[in-house]
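S.K.: First, the structure itself, so that you have it in front of you.
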Amino acid sequence: MFGIAAVLTLAFYIGPIRTRAGWVIVGIGIVLAIARSLLAIVNIQNLLMQGGAGGSQDLSLVLTPVIPIVIVAWAYLLAVVVERRHRLLSLAAAATLLVSLMGILSQTVFASWYVSDQGDSLGLAVLTAIGLVVSITFVVAMLLGILRELPRGTPQPSLADSTAPREVPIAAR
């Protein structure tokens, strides 16, 4: 839940969505979140049919379909930063949505690669490598994007500096 709050806080700080294209991006995020939630519900049903989760996993089972809301938050951030041409933050948000899409594809289209011994291990390795590259891209782009947006100006003197005796230049004496 902290991730949702952090991403939305950053997006709201940057500003509102101003274009229809931005709302289309949010719509894509909503579709991804619904797909992820439906997959989570199917997984919960399968787990409960096999005998239940037990004790400490009950809370995580209840929250699992709700957690994909963070996908919508990232889509909102992507919509906001694309409109304002923040390239690195756009890349980071797009990478997060791509990881979400890859997660959905790995549970649907590529699910057979995980469960059978006859699966395409090369394809699974390629999918894992792509996921790793996208995740690293996210981290680097997010850090550089945030650092790039920090204000750069002349450093303000601290309180400790203002109480220290100041030297007067020779020309002013």
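S.K.: For Val42, what accessible surface area do you get with a 1.4 Å probe? Give it in Å², rounded to 10.
M.R.: For Val42, the solvent-accessible surface is approximately 70 Å².
S.K.: Which ³J(HN,Hα) values in Hz, rounded to whole numbers, follow from the phi angles of the stretch 81-97 under the Karplus curve 6.51 cos²θ - 1.76 cosθ + 1.60, where θ = phi - 60° and Gly and Pro get x?
M.R.: Values per residue, Gly and Pro as x: 6, 5, 4, 9, 6, 8, 4, 5, 5, 5, 4, 5, 5, 5, 5, 5, 5 Hz.
S.K.: What is the local net charge at Val82, summed over the other residues whose Cβ is closer than 14 Å to its Cβ (Lys, Arg +1; Asp, Glu -1)?
M.R.: Its environment carries a net charge of +4.
The values are calculated or read from the model by the stated rules, or taken from the named source; none is laboratory data. Since the structure is predicted, the reported quantities are computational estimates derived from the model, not experimental observations. With ideal geometry, Cβ positions are generated from the backbone for all residues, glycine too; neighbour counts draw on all protein chains shown. Surface areas here come from the heavy atoms of the whole protein model, side chains and all, with no ligands, DNA or RNA. Shrake-Rupley method; radii C 1.70, N 1.55, O 1.52, S 1.80 Å.
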